[in-house]
1. Before anything else, pin down the relative contact order of the chain: Cα pairs under 8 Å, at least 6 apart, normalised by residue count, whole percent.
2. Where does each of 208-218, 271-281, 54-64 land if you order them by average Cβ count within 10 Å, highest first?
3. Shape of the stretch 12-116 from its Cα gyration tensor (a ≥ b ≥ c, root eigenvalues): rounded if a/c is under 1.5, otherwise prolate when a/b > b/c, or oblate?
4. Which of GLY103, SER154, ILE246 sits farthest toward the positive end of the charge dipole of the chain, with +1 on the Cβ of Lys and Arg and -1 on the Cβ of Asp and Glu?
5. Please compute the contact order of the stretch 41-187 in relative form: average sequence separation of alpha-carbon pairs under 8 Å and at least six residues apart, divided by the residue count, as a percent.
6. ASN35 versus GLU357, label points 7 Å from Cα toward the beta carbon: distance in nm?
7. Taking a probe of 1.4 Å, how large is the accessible area per residue of the chain, in Å²?
8. To the nearest 20 debye, what charge dipole does the chain have about its Cα centre, counting +1 at the Cβ of each Lys and Arg and -1 at the Cβ of each Asp and Glu?
Amino acid sequence: MKKRRKFWNTVKIPLFAILCSLVAGGVIITATGSNPFQAYYALLQGSGLAPKASYANYKSMLTDFFSYVNYFTPMIFAALAVAVALRAGLFNIGVSGQMLAAGFTATVLVGYSGLGAVLAKPLVLLIGMAAGGLTGALIGFLKYRFNINEVVSSIMLNYMIQYVVSFFINSSYVDPVSRQSVEISAASRLTLMDTLVGGQKLDIPLGILMAGLAVILVWVLFEKTRLGYELKAVGCSRSAARYAGIQVGKCMVTSMTISGVLAGLAGVTYYLGYVGSIQPKVLLSTGFDAIAVSLLGNNNPFGIIFSTMLISLMGKGSTYMKSRAGVDSEIASVITGIILLFSACNVYLKHRLEKREREKASGGKEEK
């Protein structure tokens, strides 16, 4: 009974945050002179969760839905990366940099090679995991060995990776027309673009299978392994964990390494999946949004799936919302921001719920 109550408290708080955000967003949309119900329905249409009035040749609601899945797949990995770091009390704000490092390394080593799909696609994943993991491990090592705050080192590495990658793209791999990196080979791409299935052209993201597996593995790590328990202990209190005989430094490095591996998978599924090229001097917002997505999902791997779908819905459907409902796409970003603002109050709301339950259990008097 106690576990069931705790579960519902965990679910109710994010739902309350989302509901309040949608109401607040509806007020803002109404203030702009638009219909909030029409605007929200347009978001669903733009993401393939509701049918549009008409479609172009070889396009359908299924086409939009697969594009939506392709869009949010990297976010699942990125949010899991944040969750693993937070489990050990670390704040990995360098997910975007780790994504870029992994994406660029895999692009250069595999994306421009002549390897066939059977070799290229697994290599892309392995190289992305290695590049992201090494970057994350470096941050963890700096924290453990020199007590350098992981936020500072992550931000500095973000800038270093961004400008180093931009230098190499502009000097060796730039496409003179798009001013982005040269597009990778189809064999190395993790999304099967414009694949004809049943008379419809679909963008099939292969990375979604890995994302589902990653969610299960992270849950098993958190709930069923000794390492997961040690990470949680370190995250709650490093001094208490050290007193209990846990190797705190090893746990921090391990946590950041696993976080980096997941960020690397986010990078390759984005740069070698969703887009197929890299834009110089641009650091994705995905890594930063992933922090809020993880918090909204209560750092639970399965909760992250739903929070990812919600936040990605706002970004993916905003363009269609603008054309269909006449609501500026920036409004979707405002609604996303409000959702994240309310989700940041999760700890306070959880405290209030637990306090109320204690008062009920003690007959109206709060336990001392």
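The values are calculated or read from the model by the stated rules, or taken from the named source; none is laboratory data. None of the values given here were measured: they were computed from a predicted structure. Note that we place each Cβ from the backbone using ideal geometry, even for glycine, and neighbour counts take in every protein chain shown. Side chains are part of the model used for accessible areas, which takes the heavy atoms of the whole protein and leaves out ligands, DNA and RNA. Shrake-Rupley method; radii C 1.70, N 1.55, O 1.52, S 1.80 Å.
1. Values: 611 pairs, mean separation 118.8, N = 368.
Normalised by residue count, the contact order of the chain is 32 percent.
2. Answer by packing, highest mean first, reads 271-281, 208-218, 54-64.
3. On the way: a/c = 2.92, a/b = 1.30, b/c = 2.24.
Here the stretch 12-116 falls in the oblate category.
4. Of the listed residues, the answer is ILE246.
5. Details: 120 pairs, mean separation 32.3, N = 147.
Result for the stretch 41-187 is 22 percent.
6. In this crude label model, ASN35 to GLU357 measures out at 4.2 nm.
7. On the way: 18260 Å² over 368 residues.
That works out to 50 Å² per residue.
8. Working: 33 positive and 16 negative charges, 299 e Å.
Computed charge dipole of the chain: roughly 1440 debye.
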